[in-house]
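Notes follow the structure.
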Ligand SMILES: Nc1ncnc2c1ncn2[C@@H]1O[C@H](COP(=O)(O)OP(=O)(O)O)[C@@H](O)[C@H]1O
Ligand SMILES: [Mg+2]
């Protein structure tokens, strides 16, 4: 089994373990399907990505295409694009450096923003991912390795989740609630943080 496949399946396991949690969060400010959507997508990823594929870029591209076609909702195209854009950065590479991860996360975020037209502060997955990238970048520029950088990224992503509780949703389904979206944490910011935590644990193991 390739390392990239192993990491993708670990992300899928985390999402599956948190299926009800993510769905319950989405019940409060959306349509109660985020955990269901993501679990379906990652089951398909485990089936469609060849388990022995060593090319990280090719594996991420395949994962992204699979998420795009199986997750549905708003998050399917967004996560699908994120993995595909990260895959472009990693094309042909069989190992990932600390710098590679930064470039891949940067590309993933740019892809999400191009597709979803959201910025930071709209109560979406970006409120976890953008602070995570900033913290990761600062850490590795200060000499941290990938694991230590991811530790900082996860702290920032969790702070991002807390921040989503304090703001009004202005993108996606939750925006229909207006002020009533305050007090609830964003499901997508939560699944994004769970993803980063899984990668952190995988890298540090
Ligand atoms: N335009 C957007 N940009 C970034 N993330 C978004 C956008 N719209 C929605 N999201 C994310 O998608 C999540 C909802 O995903 P999901 O429930 O799977 O899709 P849907 O809202 O279509 O049911 C939200 O919690 C939010 O984080
Ligand atoms: Mg939903």
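Bear in mind these aren't lab numbers, they're just calculated from the coordinates by the rules spelled out. Predicted, not measured: the structure shown is a model, and the values here were computed from it. A quick note on method: Cβ atoms are made from the backbone with ideal geometry, for glycine too, and the neighbour counts reach across all protein chains shown.
Some notes on this structure:
- Top of 159, 179, 54 by mean-square fluctuation, Gaussian network on the chain, Cα under 10 Å: 179
- The stretch 172-187 and the stretch 140-170 have Cα centres spaced 21 Å apart.
- When 202, 101 are sorted by how many other C-beta atoms sit within 10 angstrom of their C-beta, beginning with the fewest, the order is 202, 101.
- Under the criterion of Cα pairs below 8 Å and six or more residues apart, the relative contact order for the stretch 56-98 equals 51 percent.
- Distance between the modelled labels on residue 103 and residue 69, one decimal in nanometres: 2.8 nm (7 Å Cα→Cβ projection).
- With a Förster radius of 35 Å applied to the C-beta separation of residue 137 and residue 6, the computed FRET efficiency comes to 0.85.
- Average Cα contact separation per residue, the chain, under 8 Å, 6 or more apart, as relative contact order %: 21
- Maximal additional length on extending the residue 205-residue 43 stretch stands at 56.0 nm, based on 0.36 nm per residue less the C-alpha distance.
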